[in-house]
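Each remark here refers to the structure printed beneath this line.
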Amino acid sequence: MHKTPDFTAPLVFTDPAQALAQVLRIYQHNVEFLRQAMRDYVAGGAFADTHVRACYPYVRLHTHSATRRGAAPDSPDIKKLSYGFVSGPGRFETTLTRPDLYSDYYLEQFRLLLANHGGELEVGTSTQPIPIHFSFAEHDHVEGTLDVARRAFMRDVFDLPDLTAMDDGIANGTHEPRPGESHPLSLFTAPRVDYSLQRLRHYTGTAPEWFQNFVLFTNYKFYIDEFIKLGHAEMARPESEYVAFVEPGNVVMRRTGLAAEPIDALGHAPPRLPQMPAYHLMRADRSGITMVNIGVGPANAKTITDHIAVLRPHAWLMLGHCAGLRTAQQLGDYVLAHAYVREDHVLDEELPLWVPIPALAEIQLALEGAVADVTGLPPHELKRIMRTGTVASTDNRNWELLPDNMP
């Protein structure tokens, strides 16, 4: 016997805000259904021969032309954007999750899709089940009270995470829709997003809600120490543009003059740091800075970026050290890498070696401008301290010990 929530019929919308509100209604209704079923299950309720299922909401767009209208009341230059449109005529669809976390992002995407293509957005209930673990609230730990037999029986009663629904074929550009299947409308499906949100809690020791749109990665503790000092200093300034500083364990420090919020009481410093501790210097509009100590190695970098990618940050940078092969280089020179030799092999399964991975020109120019601002040096003098060129990344961190001293 299947136990499901009341069905919500599909509706069409020309107003992006109304479409988002419907996504929120469906998601909240179905998640609350699962949470209540789980509470009943933990309380010892009878679930023999019963399977509990609730599904994610979806959004669907039908287009009939490859031409973009490219007009929106608030964005006269939307044709310059690299997002918010589809590549041609057809049916495009994706499942959605956590509209509470992604409301601003979803609203912007809905608005641009309608501005670029016109028509309507269809919102309804998909056939993709919500895994029971992905329905838990941030601080729910109800499963831990079950005995071994009751935990094992969960897989017969609830849908558990299904890795076959979470691959990166869409993001990697290898996904091919089956005959009659919709084209993807997003890089990540709802189960893939939920999976990474869970992983972020595990790896960084902080909730996804704290992450900001600008992310720094490092593998040096002293950079983290300086960032913590900066965060604490900003919180002591009543006029700071930052509103909170969050450390592992969801420990929240509010800016001087701001009252604590109820969620702050749920944070506790962990007895030991997680594998990749994250720190968040927050602005009210999420345009602050997140810094993550990823540890050593390209594999770690791929692991954490695979998960932070679902948050759709504006930009991320790796801040570290590198050895120099030029005799003109000095300790302390700023190295602005514009390409790298891929001897680390972490992307070989996704991208052949002949596919270039260039740095983003906009970020490179911004960093060069920042160096000029900080040093006060004119353009022709910047070359004394700033080096550009290719860096090598290797999966053998002791490559110097190889017989031929080559990575």
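Derivation of every value follows stated rules applied to the coordinates shown; laboratory data play no part. Predicted, not measured: the structure shown is a model, and the values here were computed from it. Neighbour counts run over all protein chains shown; Cβ positions are idealised from the backbone, glycine included.
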For this session: Provide the packing ranking of 222-228, 159-165, i.e. peptides ordered by the mean count of other C-beta atoms within 10 Å per residue, highest first.
Result: 222-228, 159-165
Problem set entry | Dipole magnitude (debye, nearest 20) for the chain, charges at Cβ of Lys, Arg, Asp, Glu | 260 debye
Problem set entry | Sum of -39500 (n - 2.57) over DSSP H runs of 4+, divided by residues of the chain (222 nm, nearest 500) | -9500 deg cm²/dmol
Exercise. Could you put S82, S182 in order, starting from the residue whose Cβ has the fewest other Cβ atoms within 10 Å?
Worked result: S82, S182
Problem set entry | Radius 12 Å from Cβ of W399, net charge of other residues (Lys, Arg +1; Asp, Glu -1) | -4
For this session: Please name which of V292, P379, L281 has its Cα lying farthest along the dipole of the chain towards the positive end, using unit charges on Cβ (Lys, Arg +1; Asp, Glu -1) and the Cα centre as origin.
Result: P379
Problem set entry | At most 16 other Cβ within 10 Å, DSSP loop - chymotrypsin sites (Phe, Trp or Tyr not before Pro), region 321-391 | W354
Seminar exercise, completed: Labelled set (i) 0.99; (ii) 1.03; (iii) 0.94; Rg/Rh (Cα atoms, Kirkwood Rh) computed from this model equals the value at (i)
For this session: Name the lysines eligible as straight-distance cross-link partners of K229: C-alpha to C-alpha under 24 Å, and not fewer than 8 places from it in the same chain.
Result: K221
Exercise. How far apart, in nm, are the 7 Å Cα→Cβ label points at A361 and K383?
Worked result: 2.1 nm
For this session: When a/c is below 1.5 the answer is rounded, else prolate if a/b is larger than b/c, else oblate, so apply that to region 266-407 with a ≥ b ≥ c taken from the square roots of the Cα gyration tensor eigenvalues.
Result: oblate
